[in-house]
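Have a look at the structure below before the remarks.
Nothing in this text is a laboratory measurement; each read-out follows from the coordinates by a stated rule. Here the structure is a predicted model, which is why all the values come from computation and not from measurement. Using ideal geometry, Cβ is built from the backbone for each residue, glycine included, and neighbour counts are taken over all protein chains shown.
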Amino acid sequence: MARTSWTEQPRVVAIRRRAPVLNAAVRAINRYTRHRTGRNAALVSHYGFLSVFPLLLVFTTVLGFLLDDNPTLQEQIIDSVLSHIPIIGPELAKDPESLTGSVPVLVFGLLTALWASLKAFNVLQTALDDIYDLPFDERPNVIVVRGRSLLGILIVGGGQIAAAVLAGILGVSGVEWYHRLWLFTGSVLMNTAVLAGTYHFLCSLRPRWRRIAPGAIVGGLLFSALQVVGTTLVTRAITRASPIYGTFATVIGLITWLGLHSMILLLGAELNAVLPLRPYDEPDAAPRPT
């Protein structure tokens, strides 16, 4: 006899019926487990880790060409980007010249980053289709998947570059206490827009914008909070590690930081999938977005 989950116990069900917000959260978590979304989040973070250093190399090199006549803004933007990367960010900020290289190194870094990023967005598309229980015979072919992965790279990469430029401009302007408030607000809006674009364009069902707004807003807030709080916590935990385990702790810490972002992104998609359902009904199958 199958064992009933504690979330389906009569008393818990009664509470879920009276609390729609709690019920939506429970459903999203249940579906996260059922779809093995954690496995997909781990794969996304793995390929994301492989693309971090090549992307930083390409970013700093291209930025050097674009802002060659404005080294102050160039340095400000680089510091802003590195400050959002735990563990390795502060170290690279001390010596940003270590991220520069020759043309062959730049080409190799670009190809490596492209390969790893395509892999990450391929997994992400599969995860989003799994969340909406899309049958395999209705999913796009390999060519369409690769094209959407390139689109995802443009969406996420463009959003991060825009956020970095915004942070650099605000830092140069010299405002004081409300500087952080504007920076955080801009970060939330940018992260929300990036998540909304990801949910809309990378899912084969193309859900409407109003259907994906809740998950994008919640995810945008959590992304920004993670960038502010999570970076500090992870960095402190790693700095307390012994020198013997320092290298391993650095790798694990960075993968964990990327994994938290992947989990938030996919949990937001699970939330979008359950919200159109009635306050409480069974089974917890996601409706087709309209």
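Sorted by average packing, counted as other Cβ atoms within 10 angstrom per residue and highest first, what order do 148-157, 23-32, 214-223 take?
214-223, 23-32, 148-157
The packing ranking, built from the mean of other Cβ atoms within 10 Å per residue, places the peptides 128-135, 202-209 in the order 128-135, 202-209, highest first.
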